[in-house]
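Since the structure comes first, as structure tokens, the remarks are kept for the end.
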Amino acid sequence: EEKEKKYPQFWEEFGKSIRLGLIEDGTNRSRLTKLLRYKTSASDGEYVSLDQYVDRMIEGQKDIYFIVGESVEKIEETPACEDAVKRGLEVLLMTDAIDEYVVGQLTDYSGHKLVNLAKEAPKLEGDDDKKAKKVEEKRKEAYQPLCDWFKDLLGEKVTKVVLTKRRTDSPMVVSSPAHGMTANMMRIMKGQTLGREGYQPELKRILEVNHLNPLVDEINKRIAVNKDDAQA
């Protein structure tokens with residue numbers, strides 16, 4: 001217990017070295033993974049181990065959810081984190097640049113897949129309801145003209161436009177493809193490549209539109225009447 005009390009200080013000092021070891025040392029990766037500690041959306045600023053996270057997963061939860069960002073505060077403000085919290089899911093808040101590389105090596109833990117919520121809306125608990133799926137299909141059809149309109153408007157800036165399944169108050173959510181680079185990883189790479197002229201990593205974006213937002217609903221109504229409505 002005394003060791004556990006002192007561990008956060010140890011983690012603050014040597015956490016980066018532990019993560020670097022995890023990335024480079026495949027032989028001891030599983031042992032080093034047990035030493036990882038992260039603050040979470042439910043830990044009130046305390047560090048949590050992956051074992052502790054798994055122990056308090058809600059009924060039916062299969063995956064470990066995380067977001068990598070600049071700070072705890074900024075991550076907690078994201079629609080992705082808002083969505084997970086509304087569902088009662090705990091999110092690992094990773095704030096060090098090296099964490100982007102850690103999750104590249106650490107794809108699962110104790111039989112649970114690690115899922116990046118900054119990627120295109122993953123299937124979360126509560127998404128498998130059959131009635132909800134039927135409603136979702138009809139909704140998708142009703143809002144397809146709006147999604148097409150946004151895609152035409154944004155062109156190559158986005159790979160696609162979809163209706164979001166995230167429970168958020170935001171009108172839109174910008175995410176990354178499941179196998180693409182996140183905006184945070186892009187930010188890190190830009191910082192690492194300063195001075196290398198001509199190097200510009202490609203960031204593919206997905207626009208997720210929230211049909212529950214009044215602004216989006218109003219735009220959809222206008223597009224339905226006249227898709228060339230300049231005021232929309």
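The values are calculated or read from the model by the stated rules, or taken from the named source; none is laboratory data. As the structure is a prediction and not an experimental result, all values here were calculated from the model. All Cβ positions, even for glycine, are placed from backbone atoms using ideal geometry, and neighbour counts span all protein chains on display. Surface areas here come from the heavy atoms of the whole protein model, side chains and all, with no ligands, DNA or RNA. Shrake-Rupley method; radii C 1.70, N 1.55, O 1.52, S 1.80 Å.
Computed quantities for the displayed model
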{"read-out": "Number of the condition not met by L36 [criteria: (1) more than 30 Å from P171 (Cα to Cα); (2) modelled with pLDDT under 95]", "value": "(2)"}
{"read-out": "Filter result for the condition that a residue is open to solvent by less than 20 Å² (accessible area, probe 1.4 Å), touching a strand residue (DSSP E or B) at 6+ places or on another chain (Cβ under 6 Å), of a type outside the set (F, W, Y) and touching a residue at least 12 places away in the same chain (Cβ under 8 Å), over A84, A118", "value": "A84"}
{"read-out": "Subset tally (residues that are within 12 Å of the chain's Cα centre (by Cα) and among the small types (G, A, S)) for segment 75-100", "value": "2"}
{"read-out": "Qualifying residue in segment 154-161 (condition: at positive phi and without any contact (Cβ under 8 Å) to a residue 60 or more places away in the chain)", "value": "yes"}
{"read-out": "Number of positions in segment 9-39 that are among the basic types (K, R) and in contact (Cβ under 8 Å) with a residue 40 or more places away in the chain", "value": "4"}
{"read-out": "Qualifying residue in segment 91-102 (condition: open to solvent by 20 Å² or more (accessible area, probe 1.4 Å) and within 16 Å of K119 (Cα to Cα))", "value": "yes"}
{"read-out": "Positions within segment 40-57 being under 20 Å from I75 (Cβ atoms) and either open to solvent by less than 80 Å² (accessible area, probe 1.4 Å) or touching a residue at least 40 places away in the same chain (Cβ under 8 Å) (or both), in sequence order", "value": "T40, S41, A42, S43, G45, Y47, V48, S49, L50, Q52, Y53, M57"}
{"read-out": "So V158, is it touching a Pro at 6+ places or on another chain (Cβ under 7 Å) and of a type in the set (A, V, I, L, M, F, W, C)", "value": "no"}
